[in-house]
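Asks: Here it is: the structure, laid out below.
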Amino acid sequence: MDKWKKTFCPLCYHNCGLEVQAKGNTIRQVRRDKGHPRTKGYMCRKGARVAHYQDHHERLTHPLKRRNGEFEKISWDQAFKEIAAMLKKILLENGPRSIAYMGGGGQGCHLEASFGRGFLLALGSQYHYSPLAQELTGLYWVNGRSYGRQNLYLGPDLDEARNFLVIGWNGYASNAGVNRARERLEEFSKDRDKSLIVVDPLRSETARLADKHFQIRIGTAALFLKSLIAVILSEGLENRAYIEKYCVGFDDITKWFKDFDVASAARVCGIEQRDLEELARTYATQPTAIRSDLGILMDRQSTMNSYLEMILMAICRRIGTSGGNVFPGHVLPLGPHSDERNPATWRTVETSWRGPATTFPLFSETLSSDDCSSTPRVS
Ligand code: SF4
């Protein structure tokens, strides 16, 4: 058996530091890397099982070519030559719009995607299909309209926050989005001067740690967020100085929240109105960082959820401010920016579906163009 070697987990974009012992190319043992400067020994259950993915018995280790309905093994040399010739022919005969690339996405595919996207762009095509486009399309779109670039993401400033508001995210089970999430969640849960507030229809591992768990009905996150905003505006808790300095269109949106029936909304959400109002006051008056995730990014109002979350943060001065949500630095931008209003931005051929961050979802070709034309509205 080899010595312990330092590496990292490729199963999500946190890339936690790991140490592995291998025999030849096969991982035998995995342990956390306590000396890793960023993740400091954190590893979730997926990382602990990384060998399952690395050495999975169904994983392809050589190219296959279909012949007479059956796959047969061919050499890499043959595969590269045949694929290159095929791509060249398609490109010459039909142009770059005839080529799409499928791959990438957070879960272990982001390494390959940087090569795949570069190759696609070199061929002149913008058609990158990825699971990220199903998870994050609405968020990309809202980011673009709100902050000017679709690849600008907000992250919670947990070092300075007094409260941690978690919406549709089970960080205790997996890091995703917050470094050493389990430790950070425990910190907010155990510290008497801080609060962990969880909004989730499920009694998740994270929700079990919460000081307050809003167990809203499935599909009511937009109503919940809208109610928070309505309470804040009706009680005059918005930060006018910040809004005047950094926001545009505030007066246009206030009508959506005026005279909103918070009591009925709370009933539909399945929570107490007074608890919701208390949370609105807490969020407006105390440095509170938000982490939301697929629980609201993939429900039926996903784009609206992101839009309402952005409005909530903006009116309370929680965007780009200490203890709220900030724009973390990245070595590389998290994806490109592709505003669909720019004529140079491609849409899909059949349905004219737009791809925020030039990432197209696999289902887009099954929708009609009518489905693609709506923009988020709050009603
Ligand atoms: S959080 Fe888990 S899946 Fe993500 S990189 Fe770390 S160990 Fe891997």
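Throughout, read-outs are computed from the coordinates displayed, never taken from laboratory work. A quick note: this is a predicted structure, and the numbers were derived from the prediction, not measured. All Cβ positions, glycine included, derive from the backbone under ideal geometry; neighbour counts span all protein chains shown.
Asks: Measure nothing but the geometry: give the 0 to 90° angle between the long axis through the Cα atoms of 221-234 and the longest principal axis through the Cα atoms of the chain, rounded to 10°.
Replies: The angle comes out near 40 degrees.
Asks: Only Cα pairs under 8 Å and at least 6 apart count here; give the relative contact order of the range 154-326 as a rounded whole percent.
Replies: That works out to 34 percent.
Asks: Taking 0.36 nm per residue of sequence separation and subtracting the Cα-Cα distance, how much length would be gained by fully extending the chain between Glu58 and Glu278, in nm to one decimal? Please report the intermediate quantities before stating the final value.
Replies: Details: separation 220, 0.36 × 220 = 79.20 nm, distance 5.19 nm.
Additional length available on full extension: 74.0 nm.
Asks: Based on the Cβ-Cβ distance of Ala241 and Arg66, what FRET efficiency does E = 1/(1 + (r/R0)^6) give at R0 = 56 Å, to the nearest 0.05?
Replies: Details: r = 65 Å, r/R0 = 1.16.
Efficiency, rounded to the nearest 0.05: 0.30.
Asks: Right, something else. Any chance you could check the Cα centroid distance between the range 121-157 and the range 167-230 for me, in angstrom?
Replies: 24
Asks: A further question on this structure: What does the charge count around Val326 come to, taking other residues whose C-beta lies under 14 Å from its C-beta (Lys +1, Arg +1, Asp -1, Glu -1)? Don't skip to the end; give the middle numbers.
Replies: Numbers: positive: Arg291, Arg317, Arg318; negative: Asp157, Asp159, Glu160.
Net of charged neighbours comes to 0.
Asks: Ok, one more. Mean 1/r over all different Cα pairs, inverted: what Kirkwood radius does the range 5-54 give, in Å?
Replies: 10.6
Asks: Given labels modelled 7 Å from the Cα in the Cβ direction, how far is it in nm from Phe250 to Gln78?
Replies: So the label points at Phe250 and Gln78 sit 6.8 nm apart.
Asks: What order, most packed first, do the peptides 27-35, 319-327, 250-258 have when packing is the mean number of other Cβ atoms within 10 Å of each residue? Walk me through the numbers on the way to the answer.
Replies: Numbers: 27-35: 15.9, 319-327: 17.7, 250-258: 13.0.
Going from most to least packed, we get 319-327, 27-35, 250-258.
Asks: If we sort 52-63, 172-183 on the protection proxy, mean other Cβ atoms within 10 Å, highest first, what's the order?
Replies: Going from most to least packed, we get 172-183, 52-63.
Asks: Report for the chain the percent antiparallel among DSSP-assigned beta bridges with both residues inside it, nearest 5.
Replies: Values: 17 of 34 bridges.
Approximately 50 percent, going by the DSSP bridge assignments.
Asks: Say R0 is 35 Å: what FRET efficiency, to the nearest 0.05, do Phe115 and Glu160 get from their beta-carbon distance?
Replies: In this case the efficiency is close to 0.40.
Asks: While we're looking at this one, here's another question. Could you go through the range 204-212 in sequence order and give the Karplus-derived ³J(HN,Hα) for each residue, using 6.51 cos²θ - 1.76 cosθ + 1.60 with θ = phi - 60°, rounded to whole Hz, and x for Gly and Pro?
Replies: 6, 4, 5, 4, 5, 8, 5, 6, 9
Asks: Mind checking which of Pro343, Pro201, Pro96 has the largest fluctuation in a GNM of the chain, springs on alpha carbons under 10 Å?
Replies: In this elastic network of the chain, the residue with the biggest mean-square fluctuation among Pro343, Pro201, Pro96 is Pro343.
Asks: Moving on. Let me see the pair-distance distribution of the range 184-246: every alpha carbon pair, 5 Å bin width, integer percents in order.
Replies: Result returned by the calculation: 4, 16, 16, 16, 17, 18, 10, 3.
Asks: Continuing with the same structure: Only bridges with both residues in the range 154-326 count here: give the DSSP antiparallel percent, nearest 5.
Replies: The antiparallel proportion sits near 10 percent.
Asks: Please express the Cα-Cα pair-distance distribution P(r) of the chain as a list of whole percents, one per 20 Å bin, running from 0 to the bin with the greatest distance.
Replies: Spelled out bin by bin, the chain gives 24, 52, 22, 2 percent.
Asks: Kindly flag which residue pairs out of Lys34/Lys194; Lys46/Lys212; Lys226/Lys255 have an alpha-carbon separation exceeding 21 Å in this structure.
Replies: Over 21 Å apart, Cα to Cα: Lys34/Lys194; Lys46/Lys212.
Asks: Now for a separate question. For Lys34 and Arg208 in the same chain, what is the full-extension length gain: residue separation times 0.36 nm, less their Cα-Cα distance, in nm?
Replies: 60.0 nm
Asks: Taking only Cα atoms, what is the 0 to 90° angle, nearest 10, from helix 137-147's long axis to the longest principal axis of the chain?
Replies: Value to nearest ten degrees: 60.
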